[in-house]
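Visitor: Here it is, the structure, as structure tokens.
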Protein chains: 2
Amino acid sequence: MKTAVLGTGEVGRRLATKLVSLGHEVTMGSRTPDNATAAQWAAENAAAHGTFADAAAAAELVINATSGLVSLSVLEAAGAANLRGKVLIDVSNALDFSGGFPPKVVTPDGGSLAEQLQKAFPDTRVVKTLNTMNNTLMVDPTRVPGHHTVFVCGNDEAAKTETTALLRSFGWLPAQITDLGDLSGARATELLMPLWLRLYGTLGPTDFNLAVVTA
Amino acid sequence: MKTAVLGTGEVGRRLATKLVSLGHEVTMGSRTPDNATAAQWAAENAAAHGTFADAAAAAELVINATSGLVSLSVLEAAGAANLRGKVLIDVSNALDFSGGFPPKVVTPDGGSLAEQLQKAFPDTRVVKTLNTMNNTLMVDPTRVPGHHTVFVCGNDEAAKTETTALLRSFGWLPAQITDLGDLSGARATELLMPLWLRLYGTLGPTDFNLAVVTA
């Protein structure tokens with residue numbers, strides 16, 4: 001599938017590289033057409049790069065892997081017309097480090113970043129997922145053994161089905177994928193970041209994830 | 001051990017009843033000396049009840065099972081002198097339902113309720129735990145099979161050790177108890193409530209919990 005990955009950071013590169021390995025036609029989007037990181041990634045992966053608008057225009061599926069603090073402006077740069085009708089998988093977190101560590105989670109309008117993006121781009125089908133774990137685990141869930149969880153939420157059922165299929169192609173098992181319902185579920189998952197950061201600090205350099213365990 | 005349970009709600013009654021069953025000498029504290037719920041609970045469990053101050057004064061260990069929105073005023077009513085040097089296990093969550101459901105988590109001063117209580121009562125040894133699950137699971141972790149997690153954090157190591165021993169007596173296994181370090185870890189666990197509420201809505205009437213799963 002023609003896929004845009006918006007963002008050239010570690011998360012964006014990890015997802016984009018995985019998508020290329022799965023046979024997708026990936027364009028990495030960045031603010032300028034000559035972004036050095038995007039150009040290098042594209043050269044190394046026989047893939048494309050361009051502006052956020054270039055990437056979104058070429059894509060059937062768009063992934064937001066930018067910092068949540070700038071995601072709204074990134075999507076504005078991508079352009080509503082280039083995003084119309086498309087699934088937008090939002091894996092971002094809005095973390096404000098201006099007050100030091102640990103950062104504060106920014107929750108626009110007391111809701112979530114994902115809902116803010118959906119409101120700004122009502123014709124785009126936003127799905128929130130993968131924002132609760134390290135990027136290495138996103139694309140290789142077997143790094144943590146046994147049962148653990150990736151959350152999915154969104155207002156468009158078909159978009160969630162498409163996203164779930166993508167997660168399955170990354171190796172996530174059906175029992176590991178927890179559907180939290182509509183996009184307001186992002187209010188719950190975006191607030192997991194403080195726990196993730198805390199565990200990252202206390203567990204040290206090991207792979208970990210949260211699991212929802214039921215009786 | 002002489003234990004005060006502050007709060008007469010479902011959480012307080014569940015914890016107090018479990019403590020009685022384990023042989024502790026429990027006083028349930030409430031705002032007035034003649035609280036009907038506390039009186040009935042005490043009669044049914046051959047235990048004591050009284051004001052917050054009565055309960056705290058009589059206790060070696062104090063549990064805050066009040067709504068987080070009123071916990072600070074509850075501890076003020078209990079009195080700093082009655083809390084001095086004692087372990088205070090804070091199981092509360094500050095949920096503001098004034099805007100409807102789901103409620104907002106109130107984070108005093110951008111931190112956590114637990115830290116607010118610790119700051120107001122510097123001579124009391126606050127430990128945050130058990131606030132991330134249903135009260136039935138708090139006192140019977142076997143309701144959810146296999147590996148799942150209770151978080152503990154606090155600034156006083158001896159107080160955490162004492163709290164961990166209490167959790168062990170409730171049935172929690174060492175591998176299920178995750179120490180998040182000092183009391184600022186409560187910033188992480190208090191923000192789990194939106195996910196808990198969301199899962200409660202999507203999973204329906206079943207026991208569940210989160211687990212930290214490591215490689």
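The values are calculated or read from the model by the stated rules, or taken from the named source; none is laboratory data. Note that the structure is a prediction, hence the values are computed from the model and not measured. Cβ coordinates were reconstructed from backbone atoms using ideal geometry, including for glycine residues, and neighbour counts include every protein chain displayed. Only protein heavy atoms, including side chains, enter the accessible area calculation; ligands, DNA and RNA are left aside. Shrake-Rupley method; radii C 1.70, N 1.55, O 1.52, S 1.80 Å.
Visitor: Write down the percent of antiparallel bridges among all DSSP beta bridges whose residues are both part of chain B, to the nearest 5.
Guide: The answer is about 15 percent antiparallel.
Visitor: Show me you know the interface measure: the accessible area buried between A and B, both chains summed, probe 1.4 Å, in Å² to the nearest 100.
Guide: Rounded to the nearest hundred, the buried surface is 2700 Å².
Visitor: Also, quick follow-up: Leaving out ligands and nucleic acids, and using a 1.4 Å probe, what accessible area per residue does the protein assembly as shown come to in Å²?
Guide: Value for the protein assembly as shown: 39 Å² per residue.
Visitor: While we're here: Using the alpha carbon gyration tensor of the protein assembly as shown, what are the three equivalent-ellipsoid semi-axes (square root of 5 times each eigenvalue), largest first, in whole Å?
Guide: The three semi-axes for the protein assembly as shown are 46, 20, 19 Å.
Visitor: Let me ask you something else. Give the total of Lys-Lys pairs in chain B with Cα-Cα distances below 26 Å; include a pair only if its members are 8 or more places apart or on different chains.
Guide: 16
Visitor: How far apart are the A:Pro205 label points across copies, placing each 7 Å from Cα toward Cβ, in nm, shortest first?
Guide: Relative to the other copies, A:Pro205 has label-point distances of 5.0 nm.
Visitor: Counting only C-alpha contacts under 8 Å and six or more residues apart, can you give the relative contact order of chain B as a whole percent?
Guide: Relative contact order, chain B: 17 percent.
Visitor: Note down the magnitude of the dipole of the protein assembly as shown about its Cα centre, charges +1 on Lys and Arg C-beta and -1 on Asp and Glu C-beta and zero elsewhere, to the nearest 20 debye.
Guide: 300 debye
Visitor: Residues of the range B:115-164 losing 30 Å² or more of accessible area relative to the isolated chain, 1.4 Å probe, heavy atoms only?
Guide: B:Pro145
Visitor: Run lengths n ≥ 4 of DSSP H only: what is the helix-derived mean residue ellipticity at 222 nm for chain A, with -39500 (n - 2.57) per run over all residues, to the nearest 500?
Guide: That comes out to -10500 deg cm²/dmol.
Visitor: Whenever you get a sec, line up B:Ser184, B:Ser21 from highest to lowest accessible area (probe 1.4 Å, protein heavy atoms).
Guide: B:Ser21, B:Ser184
Visitor: Count the net charge of all other residues whose Cβ sits under 11 Å from the Cβ of A:Thr107, scoring Lys and Arg as +1 and Asp and Glu as -1.
Guide: Summing Lys/Arg as +1 and Asp/Glu as -1 gives -1.
Visitor: Follow-up question, since we're still on this one. Can you pull a Stokes-Einstein diffusion coefficient for the range B:2-203 at 4 °C (1.567 mPa s), Rh from Kirkwood over Cα pairs, as a whole number of µm²/s?
Guide: It diffuses with D of about 77 µm²/s by this estimate.
Visitor: Treating the beta-carbon of each Lys and Arg as +1 and of each Asp and Glu as -1, no other charges, what is the dipole magnitude of chain A about its Cα centre, to the nearest 20 debye?
Guide: The dipole of chain A has a size of about 260 debye.
Visitor: Given N residues in the range A:109-215, what is its alpha carbon radius of gyration divided by 2.2 N^0.38 Å?
Guide: Here the Cα radius of gyration is 1.08 times the empirical estimate.
Visitor: Going 7 Å from Cα along the Cα-Cβ axis for the label, what nanometre distances separate A:Phe97 from the same residue across the other copies?
Guide: A:Phe97 label point versus its equivalents elsewhere: 4.0 nm.
Visitor: If you count only protein heavy atoms and use a 1.4 Å probe, how large is the accessible surface of B:Arg14, to the nearest 10 Å²?
Guide: Surface open to solvent at B:Arg14 totals about 90 Å².
Visitor: May I ask you to report, in nm to one decimal and beginning with the shortest, the distances from B:Asp140 to the same position in the other copies, taking label points 7 Å along Cα-to-Cβ?
Guide: Sorted ascending, the copy-to-copy spacings read 4.3 nm.
Visitor: Considering chain B as a Gaussian network with a 10 Å cut-off on Cα pairs, which listed residue, B:Glu25, B:Glu60, B:Glu157, attains the greatest mean-square fluctuation?
Guide: Answer for the Gaussian network model of chain B: B:Glu157.
Visitor: For B:His147, A:His148, what's the largest-to-smallest order of accessible area, 1.4 Å probe?
Guide: Accessible-area ranking of B:His147, A:His148, largest first: B:His147, A:His148.
Visitor: I've got another one for you. On the accessible surface of the range A:2-203, probed at 1.4 Å, how many percent belong to carbon and sulfur atoms?
Guide: Of the solvent-accessible surface of the range A:2-203, carbon and sulfur hold 53 percent.
Visitor: Within 12 Å, Cβ to Cβ, of A:Ala77, how many net charges do the neighbouring residues add up to if Lys/Arg are +1 and Asp/Glu are -1?
Guide: That sum, taken over residues with Cβ under 12 Å, equals -1.
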